[in-house]
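Remarks on the structure that follows.
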Amino acid sequence: MARQARQWKVGAAGIAVLGLTLTACGGAKVGDSGSDSAGGSSGKCGTFNLAVNPWVGYEADAAVVAYVAEQDLKCKVVKKDLKEEIAWQGFGTGEVDAVLENWGHDDLKKKYITDQKTAVDAGPTGNEGLIGWYVPPWLAKAHPDITDWNSLNKYAANFKTSESGGKGQLLDGDPSYVTNDEALVKNLKLDFKVVYAGSETALIQAFRKAEKNKEWVIGYFYEPQWFLSEVPLVKVKLPEYKDGCDADAAKVACDYPVYKLDKIVSAKFAKSGSPAYDLVKNFNWTNDDQNTVAKYIAVDKMTPEAAAKKWVEANRDKVDAWIK
Amino acid sequence: MTVAIEKPEKTGTETVEKTTPVARVRKISRSMVVAGIVVVWLLLFAVLRGKQTLSLAAADLTDLHSWLNDVNDSIGANRNSNPLFIYGFNEIRLVIDNLVTFIQQLISQPSDTHPVPQIGWLGVVGIVGYVSWAVGNWRVALLAVAGFTFLGMQGLWQESMDTLSLTLSAVLVALLFGIPLGVWAGLSGRVNRIVTPFLDFMQTMPTFVYLAPLTLIFLIGGASATIATVIYAAPPAIRITAHAIRSVPETTAEAAASLGATRRQALLKVLLPMSKRTVVMGINQTIMAALAMVTIAALIDAPGLGKTVVQALQSLDVGTAFNAGLAIVVMAIVLDRVTTAASMREELARKSKNRFQSWRRPLLGVGAAATAVLVYLSHTYVWAAEFPGEGGIGSSIASGADTATTWAQDNLSGLTNAFRDAITNGLLNPFQTLLTDSPWWLVGAALVGLGTVLGGWRAGVTTAVCVGLLVGTGVWSDGMTTLASTIVATIMVMVLGIVFGVWMGRSQLVDRVVRPSLDAAQVMPPFVYLVPFLALFGATRFTAIVAAVVYAAPVAMKIIADGVRNVPATTVEAATSAGCNTWQIITKVQLPMARSALTLATNQGLIYVLSMVVVGGLVGAGALGYDVVAGFSQGQLYGKGLAAGLAIVLLGVMFDRITQAAARRTSA
């Protein structure tokens with residue numbers, strides 16, 4: 001008994017010491033700084049759910065729109081990292097208000113805009129999407145004729161890899177890309193085989209390595225894309241695109257169209273009267289603008305917020321036109 | 001991405017093959033039969049090459065795939081009118097969402113009333129230290145405090161706490177269902193037989209397959225991420241609990257019954273207390289599995305470290321991805337050591353001297369009070385709520401990882417390419433051609449034949465069913481491509497496993513040095529090392545194989561090391577005194593006597609390799625892995641992705657049954 005009592009005394013002493021340190025230290029208390037916007041963010045904008053699809057160009061769009069919505073419109077922006085398919089699903093369930101950079105995706109438009117009527121088009125972003133086949137710059141310089149599809153067969157053997165089964169390798173990327181490449185190879189009678197890298201990461205790494213080590217690589221790529229500011233890939237000319245030449249997926253033998261990238265919002269959000277909707281609707285910039293912000297994020301390793309701040313401060317006139 | 005099908009315990013106990021006298025004759029004839037099957041296969045392949053191969057182009061669909069698409073679409077279109085949703089799924093979602101939000105506001109996210117989490121870093125570190133000490137010992141408490149402080153110093157405190165909240169909620173839900181189910185399966189053989197195939201399915205089905213449907217049913221956010229994690233993480237808890245209950249000696253249970261205990265009493269007073277230690281190991285496995293899901297769940301917007309990894313990957317920022325991956329490893333090691341210590345505490349306490357025991361209670365009280373003070377501080381003061389500093393350690397880890405990767409890419413690339421081409425041309429391509437260019441019925445017949453010879457007629461029947469279903473999925477050809485890579489990867493896993501396993505098994509020192517890096521390799525999210533591997537090997541099937549080997553080899557090494565260590569010392573001594581040199585001891589004594597460990601290692605190696613198929617699809621492996629990823633990314637390929645996922649499960653079940661049956665036989 002006596003021993004136990006002593007232990008309790010020790011314990012009590014310990015607590016007392018801790019209590020003293022507590023009062024002695026003091027310091028700033030949680031919540032009493034009051035300077036940040038925690039209390040004042042309840043403007044009429046409310047919460048703005050923004051989908052962020054997984055590529056850096058999109059992240060640049062999202063960073064700038066989110067920054068403007070937060071700073072100028074006092075919205076509470078919730079960014080959600082999602083793949084396209086899942087982001088569109090979110091329109092119907094009210095979990096996503098806007099998708100800022102849509103590449104074609106006619107199947108999704110049909111499903112969610114035409115059939116389910118949960119989404120509406122909010123106009124172009126001003127970005128022009130180019131899809132096509134690209135080669136590293138050293139290769140275009142060493143063999144200038146390679147940028148025309150007619151001479152691809154001549155070089156097919158150089159593009160052989162362990163994966164291409166004796167033919168030249170045409171590297172494709174992420175499965176969510178819009179692609180006709182298998183049909184193109186067949187219909188243009190090219191001695192190539194489409195090999196699926198499976199992710200954008202794999203594709204970029206392949207091009208980066210090819211430029212560095214002067215290796216032969218030809219593959220699917222697109223603009224606008226931050227990686228082009230690191231390695232300016234050269235586009236290969238395919239037979240010219242004409243309206244409707246890609247109508248039958250199996251018979252495509254022409255280049256990809258120029259995509260007018262557009263914004264999609266949920267039907268509910270469009271009717272909500274939120275200033276964030278007007279911002280999304282008016283949001284419009286150029287490929288160069290996007291590449292600049294994307295480069296801040298991917299190459300200079302700035303946080304999306306910092307990148308957006310830097311660009312917005314330098315382009316106040318453009319931003320003011322969105323929120324007028 | 002872990003598929004931890006816990007079978008090590010089984011193989012030793014359930015071995016009832018009784019054909020010892022004829023074993024020698026049979027063994028010879030068995031290998032001859034295997035050789036015969038292969039020869040016939042090769043002959044027919046030469047004649048029938050390229051016929052009836054059931055190949056399907058990347059964008060083509062079968063009727064089954066389109067039908068699965070339609071089902072998916074109709075779920076999405078009717079989710080607001082279907083009573084199953086309104087009264088069922090939506091309620092579940094609400095409960096789980098509330099749980100996740102509650103834990104997040106406690107430790108990771110600010111709430112409306114409090115601009116920082118309710119408990120700041122100092123409080124969390126205090127609680128972690130105190131709990132580790134209370135359930136374990138002071139050593140793991142020290143490790144836990146150091147580990148969690150390190151997370152903060154990496155500049156990843158909030159991300160880590162998000163990950164921890166998600167892991168905790170998933171583990172809570174998993175245990176809530178898993179433990180009772182496990183107890184039931186442990187008491188009733190029939191329940192166990194019904195549950196086992198479902199558990200296999202839950203563990204081998206690639207997560208990518210059910211991510212999209214989960215968000216459709218449970219919406220985007222914490223609930224979906226938690227449920228995805230629960231599906232993957234609950235099986236180990238169920239399996240191990242059942243195993244623990246079953247392995248309580250029958251005599252003990254009988255003794256309890258003869259003393260007049262009711263079933264309920266026997267369960268609560270005898271069975272559960274006696275199996276407690278094993279059950280805690282099950283909880284440990286569930287925690288590890290939940291942590292393995294962190295990066296995958298990030299694809300449906302689960303907050304935390306996984307998000308950092310995935311985002312860094314988009315700009316190929318290896319350093320940042322590695323830093324976050326390391327945080328996951330640290331958290332896993334802390335949680336693993338603490339739960340392991342917890343499972344052994346009572347035993348150790350009983351052995352240690354009693355003097356310390358009498359101190360324990362008051363000390364616990366003092367600790368609790370001190371922890372409460374820390375929690376209060378972290379709730380009230382900014383310095384204790386937000387982790388101080390800029391996370392300088394994190395940025396130096398990131399730049400260190402960057403430098404190391406760049407060096408490896410610049411200096412090893414030529415070497416690695418030669419190695420890749422040698423393996424691809426010498427091993428992978430011939431295998432793949434044989435599997436994909438033979439008519440499907442020939443491959444099927446050969447598989448069934450091999451399954452029967454190696455695993456017995458039951459395994460043969462399973463193989464036949466699996467082959468039939470594989471054909472039915474419509475992705476047979478992709479399945480065979482994946483199978484070829486899987487076999488090559490497993491061969492490499494076994495080579496590494498034997499080399500390192502024997503080395504570790506023979507030397508305690510080597511074991512102690514190597515084991516931590518094996519643990520790390522198993523927990524480090526594969527996404528982290530994909531970029532360096534892509535730089536070294538390009539976007540090829542081989543890259544996928546290497547990634548799978550990194551992930552699967554540690555398991556094989558550990559199992560083989562244990563097998564070698566368990567060879568009786570007297571046997572090795574006898575061989576030494578008979579004049580055997582080291583090489584002879586290894587090849588003539590230790591390896592043959594560890595044969596059952598070798599088969600088990602093959603089994604686990606294969607299953608782990610298969611669980612990496614989807615990750616392989618991200619780096620150029622194509623085939624089933626790519627199909628699954630594509631199904632997750634594109635609506636019209638959803639059905640095909642699901643079918644590809646099923647095909648992976650079928651391959652897993654087939655090989656698991658064959659290798660297990662073979663293991664039972666060899667250890668008999």
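When B:485, B:507 are checked against the criterion of being of a type in the set (Gly, Ala, Ser) and buried (at least 18 other Cβ atoms within 10 Å of the Cβ), a single residue qualifies: B:485. Among residues of region B:403-418 that are assigned to a helix (DSSP H, G or I), none has a beta-carbon under 7 Å from a residue that is modelled with pLDDT under 80 at least six positions away or on a different chain. Among the residues of region B:481-538, those that are over 26 Å from residue B:318 (Cα atoms) and of a type in the set (D, E, K, R) comprise B:506, B:511, B:512.
Yes/no per residue for (1) closer than 30 Å to residue B:222 by Cβ; (2) touching a Pro at 6+ places or on another chain (Cβ under 6 Å); (3) modelled with pLDDT under 90:
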| position | (1), (2), (3) |
| --- | --- |
| A:85 | yes, no, yes |
| A:98 | yes, no, no |
| A:103 | yes, no, yes |
| A:106 | no, no, yes |
| A:109 | yes, no, yes |
| A:119 | yes, no, no |
| A:129 | no, no, yes |
| A:135 | no, no, no |
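Just one of the listed residues (B:449, B:426) is under 30 Å from residue B:535 (Cα atoms), in a helix (DSSP H, G or I) and of a type in the set (Gly, Ala, Ser), namely B:426.
Is it true that some residue in region A:213-225 is at pLDDT below 90 and of a type in the set (A, V, I, L, M, F, W, C)? Checked region A:213-225: no residue is at pLDDT below 90 and of a type in the set (A, V, I, L, M, F, W, C).
Would a scan of region A:283-301 turn up a residue that is among the charged types (D, E, K, R), at pLDDT 90 or above and surrounded by fewer than 16 Cβ atoms within 10 Å (Cβ to Cβ)? Taking every residue of region A:283-301 in turn, none turns out to be among the charged types (D, E, K, R), at pLDDT 90 or above and surrounded by fewer than 16 Cβ atoms within 10 Å (Cβ to Cβ). With respect to (1) at the interface with chain B (Cβ under 9 Å from one of its Cβ atoms); (2) at negative phi; (3) touching a Lys or Arg at 6+ places or on another chain (Cβ under 7 Å), the lone exception for residue A:138 is condition (1). Taking region B:375-402, which residues are part of a helix (DSSP H, G or I) and within 20 Å of residue B:330 (Cβ to Cβ)? Correct list: B:392, B:393, B:394, B:395, B:396, B:397, B:398, B:399, B:400, B:401, B:402.
Filtering region A:302-315 to residues that are surrounded by fewer than 17 Cβ atoms within 10 Å (Cβ to Cβ) and within 13 Å of another protein chain (Cβ to nearest Cβ) leaves only A:303. Of all residues in region B:219-243, those being of a type outside the set (A, V, I, L, M), buried (at least 24 other Cβ atoms within 10 Å of the Cβ) and within 14 Å of chain A (Cβ to nearest Cβ) number 2. Could you identify the single residue in A:265, A:217 that is under 28 Å from residue A:184 (Cα atoms) and touching a helix residue (DSSP H, G or I) at 6+ places or on another chain (Cβ under 8 Å)? None of the others qualify; the one that does is A:217.
Examine region B:452-460 for a residue that is touching a residue at least 12 places away in the same chain (Cβ under 8 Å), in a helix (DSSP H, G or I) and among the polar types (S, T, N, Q), and state whether such a residue exists. Scanning region B:452-460, I find no residue that is touching a residue at least 12 places away in the same chain (Cβ under 8 Å), in a helix (DSSP H, G or I) and among the polar types (S, T, N, Q), so the answer is no.
Listed here are the residues, each with its yes/no results for (1) more than 18 Å from the chain's Cα centre (by Cα); (2) away from chain B (no Cβ under 13 Å).
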position: A:227; (1), (2): no, no
position: A:230; (1), (2): no, no
position: A:235; (1), (2): yes, yes
position: A:243; (1), (2): yes, yes
position: A:247; (1), (2): yes, yes
position: A:250; (1), (2): yes, no
position: A:255; (1), (2): yes, yes
position: A:260; (1), (2): no, yes
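Taking the criterion of being small (Gly, Ala, Ser), within 19 Å of residue B:597 (Cα to Cα) and part of a helix (DSSP H, G or I), the residues of region B:500-547 that qualify are B:501, B:505.
For region B:605-622, the tally of residues that are assigned to a helix (DSSP H, G or I), closer than 24 Å to residue B:66 by Cα and facing another protein chain (nearest Cβ under 9 Å) stands at 1. State whether the residues of region B:523-531 include one that is modelled with pLDDT of 85 or more and more than 14 Å from chain A (Cβ to nearest Cβ). Scanning region B:523-531, I find at least one residue that is modelled with pLDDT of 85 or more and more than 14 Å from chain A (Cβ to nearest Cβ), so the answer is yes. Could you list, in sequence order, all residues of region A:109-135 that are within 13 Å of chain B (Cβ to nearest Cβ) and either under 23 Å from residue A:287 (Cβ atoms) or in contact with a Leu (Cβ under 6 Å, 6 or more places away or on another chain) (or both)? Within region A:109-135, A:109 is the sole residue that qualifies.
Of all residues in region B:302-313, those being crowded, with 22+ Cβ neighbours inside 10 Å and either assigned to a loop (DSSP other than H, G, I, E, B) or of a type in the set (S, T, N, Q) (or both) number 4.
Of the residues making up region A:76-102, just one is within 19 Å of residue B:632 (Cβ to Cβ), more than 7 Å from chain B (Cβ to nearest Cβ) and among the acidic types (Asp, Glu), namely A:84.
Looking only at residues in region A:171-211 that are among the aromatic types (Phe, Trp, Tyr) and not in a loop (DSSP other than H, G, I, E, B), the one that is nearest to the other protein chains (Cβ to nearest Cβ) is A:196. The condition (being within 13 Å of chain A (Cβ to nearest Cβ), more than 30 Å from residue A:231 (Cα to Cα) and of a type outside the set (Ser, Thr, Tyr)) is satisfied by just one residue among B:385, B:332: B:385.
Checked against (1) under 23 Å from residue B:329 (Cα atoms); (2) within 12 Å of chain A (Cβ to nearest Cβ); (3) buried (at least 24 other Cβ atoms within 10 Å of the Cβ); (4) not polar (S, T, N, Q), residue B:548 passes all but condition (2).
Taking region A:259-298 as the range and being more than 28 Å from residue B:316 (Cβ to Cβ), touching a strand residue (DSSP E or B) at 6+ places or on another chain (Cβ under 7 Å) and of a type in the set (Lys, Arg) as the test, the residues that pass are A:260, A:281. Annotation: of all residues in region B:54-88 being within 14 Å of chain A (Cβ to nearest Cβ) and within 16 Å of residue B:476 (Cβ to Cβ), the one that is modelled with the highest pLDDT is B:61.
The values are calculated or read from the model by the stated rules, or taken from the named source; none is laboratory data. Quick caveat: nothing in here was measured; it's all calculated off a predicted structure. Backbone-built Cβ (ideal geometry, glycine too); neighbour counts: all protein chains shown.
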